[in-house]
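Heads up: the structure comes next, in structure tokens.
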Amino acid sequence: MDKNYYITTPIYYPSANPHMGHAYSSIVADFFARFKRIDGYKVHFLTGTDEHGLKIQRAAENKKIDPLKFCDEISQTFRDLSKTLNLTNTDFIRTTEQRHIKSVQNLWDKLKQNDEIYLSKYSGWYSVSDEAFYNEDELEEIAGKKIAISSGSTVEWVDEESFFFRLSKWEKPLLKFYEDNPDFICPESKRNEVISFVKNGLKDLSISRKSFSWGIKVPNNDDHVIYVWLDALTNYLSALNYPDTDDELFKNFWPASLHLIGKDILRFHAVYWPAFLLAAKIELPKKVYGHGWILSGEEKMSKSKGNILDPIDIIKRYGLDPLRYYLIKEVSFGNDGNISQDRLEDCINSDLANNYGNLCQRVTSFAVKNCDSKIPEKIDFMKQDLEILNKFELNKEIIRKKIDEQNINFYIEFIVNSLFDANKYFNDQEPWNKKNNKIRLNTIVYTTLEIVRKLSFLLYPIIPNSSLKALDIFGIKESQIKFSTISENKYLKHGQKINMIDILFKKIEKKND
Ligand code: MSP
């Protein structure tokens, strides 16, 4: 079995204030990266910043600073954010780095050699905000301005010499590829959108610009810079040291296992990117998953709309793990999700404090008082104990499968239900009434501790810091977390000392309580 896993987030346009939508993409990617790692995979997890193009050039001009200096500063905000979000990315790429520039120019040369590029003239509409070309039928006119229907951004007319990529030639091969690889584009609704877009016909794509200079130069032609999307998409290869295909990184991790992206950039990843790769004769990634948007009211949260919920503010106020948990649980993955501080507070109180935190605290303090602060020695499982313990074994392969389908909703529901069942089990078994039946008392405590251990393993990809704090009860360290062991019912060592831990989550006093 292939035990390497390469996951990518989109590389972000450097903007001074990363918002919740950015945080969401990254946290979900980190969830998958952490899960795969505890399931024995070698994981390469890439994120970074997308620093070329007219959008960045204009932003730097507005600030009257050199574009590279502008990017140096702002790229750092994303590097900082990845630390703040506790991401386990193994690389952070900037498209202004030499390794990337070399890789993009090499890919260009390859496309040129394969006769996939020709020089002509582009006359049409372009959105600087989306860095995308639009056909007339993708636009509407509002108050005398041409607007892209899909994104709401304004477009401007471009009329200049440009190199083109023979995208039209790849229409049929792409459709065949989608058919042969039904999992390539997920979720299914997005796959259907892409297929109908391609079936409508593909026109050759303008892949260079002459009227500005902030980009990677077309090899042997200093007048043109390479279209920022051809440049940006190649980051997935340059981070593996492409064109050195003998490099260990490339050999181990290409083709990518999962490009996790927002649905607004699906066309670039599911149409242009595979077409470039087919044309360059490079293997295609295994999957592109287009997740939904974090909405604020009914709109996509974005800087240009001014409806941003700042992840840093939320983290300062509630802590990182509650935010990670909330985003992963509350947004039904693949769909848009409306988030609110009110729901976040409910989530902290009910799921984290009352359910998980309470379970950990209750069983540990009971064990400290009644089992001499040790993992009970003499136990004898009964039917009701094995029933609750064995649910993990029964679901182990299902969980793996659901993760490979990016079904986060299943994963979190399994956890929430198991937490509920565990609290109920502890209540129903009433260990406090079993003080004259030591073996029964021990067994209930042991069973509940095992469940805390299993659930903390499962919660690690979502709330790593809190899960590690809980695992401190048993002195279990991060490197010891192995998904495969959730089926073991006697993992905890009899007689080993138990550590009392601090409260994991403080309940939020709600104003209307
Ligand atoms: N630079 C391009 C990506 C190039 S990848 C080769 C880009 N950058 S972005 O900063 O605008 O967006 C980065 C990611 O954040 C995208 O996947 C986008 O969908 C996601 N999100 C931006 N706003 C979002 C929400 N409000 N909600 C969820 N994700 C959103 O696109």
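The values are calculated or read from the model by the stated rules, or taken from the named source; none is laboratory data. Everything numeric here is computed off the predicted structure, so don't read it as measured data. Cβ placement follows ideal geometry from the backbone for every residue including glycine, while neighbour counts extend to all protein chains displayed. Just so you know, the surface numbers come from the protein's heavy atoms only, side chains and all, with ligands and any DNA or RNA stripped out. Shrake-Rupley method; radii C 1.70, N 1.55, O 1.52, S 1.80 Å.
Mind running the shape call on the stretch 340-487? Use the C-alpha gyration tensor, a ≥ b ≥ c as the square roots of the eigenvalues: rounded below 1.5 for a/c, prolate if a/b tops b/c, oblate otherwise.
prolate
Enter the accessible area per residue of the chain (Å², integer; probe 1.4 Å; all protein chains in place).
The answer is 43 Å² per residue.
Pull out a ≥ b ≥ c, the square roots of the eigenvalues of the alpha-carbon gyration tensor of the stretch 1-124, then state rounded if a/c is under 1.5, prolate if not and a/b is larger than b/c, and oblate in the remaining case.
Because a/c hits 1.5 or more and a/b fails to exceed b/c, the stretch 1-124 counts as oblate.
5 Å is the cut-off here: which amide hydrogens, built 1.01 Å from N in the peptide plane, fall below it relative to Gly337, excluding neighbours closer than 5 in sequence?
Residues meeting the amide H criterion: Trp293, Ile294, Leu295.
Tell me, what ³J(HN,Hα) does each residue in the stretch 88-93 have, in order and in whole Hz, if you take phi through Karplus 6.51 cos²θ - 1.76 cosθ + 1.60 with θ = phi - 60° and put x for Gly and Pro?
9, 4, 9, 7, 9, 9
Applying the Karplus parametrisation 6.51 cos²θ - 1.76 cosθ + 1.60 with θ = phi - 60° to the phi angles of the stretch 95-105, what ³J(HN,Hα) value in whole Hz is obtained for each residue in order, glycine and proline being reported as x?
6, 8, 7, 4, 4, 6, 4, 4, 5, 5, 5
Distance check, please: which entries in Lys482/Lys510; Lys145/Lys263; Lys329/Lys435 exceed 31 angstrom between their Cα atoms?
Lys482/Lys510; Lys329/Lys435
Go through Lys169/Lys251; Lys287/Lys469; Lys172/Lys396; Lys110/Lys199; Lys3/Lys203; Lys146/Lys316 and tell me which ones have a Cα-Cα distance over 32 Å in this structure.
Distance filter (> 32 Å) returns Lys287/Lys469; Lys172/Lys396; Lys3/Lys203; Lys146/Lys316.
Quick one: which residues, 5+ away or cross-chain, put their amide H under 5 Å from the amide H of Arg94? H built at 1.01 Å from N.
Answer set, sorted by chain and number: Thr49.
Name the aspartates and glutamates eligible as straight-distance cross-link partners of Lys121: C-alpha to C-alpha under 15 Å, and not fewer than 8 places from it in the same chain.
Asp159, Glu160, Glu161, Asp204, Asp223
Could you pull out every one of the lysines with an alpha carbon less than 18 Å from that of Lys64, ignoring same-chain neighbours closer than 8 positions?
Correct list for Lys64: Lys55.
Using a 1.4 Å probe over the heavy atoms of the protein chains, calculate the carbon and sulfur portion of the accessible area of the chain as a whole percent.
48 percent
I want to make sure I understand the PRE zone here: with the label point 7 angstrom from the Cα of Tyr118 toward its beta carbon, which residues in the stretch 178-221 have backbone N atoms less than 13 Å away?
204-205
Pulled fully out, how much extra length does the chain show between Asn465 and Val368, if you take 0.36 nm times their separation in residues and subtract their Cα-Cα distance?
32.6 nm
Karplus couplings for the stretch 353-358 from phi (6.51 cos²θ - 1.76 cosθ + 1.60, θ = phi - 60°), rounded to Hz, Gly and Pro as x?
Values per residue, Gly and Pro as x: 6, 6, 8, 6, x, 5 Hz.
First check a/c for the stretch 192-265, with a ≥ b ≥ c the square roots of the eigenvalues of its C-alpha gyration tensor; if it is under 1.5, answer rounded, and if not, answer prolate when a/b is larger than b/c or oblate otherwise.
It is oblate, given that a/c is not under 1.5 and a/b is not larger than b/c.
Which aspartates and glutamates, if any, have their Cα less than 13 Å from the Cα of Lys63, not counting same-chain residues under 8 positions apart?
Within reach: Glu73.
In the chain, what % of DSSP beta bridges are antiparallel (nearest 5)?
So the antiparallel bridges in the chain amount to around 55 percent.
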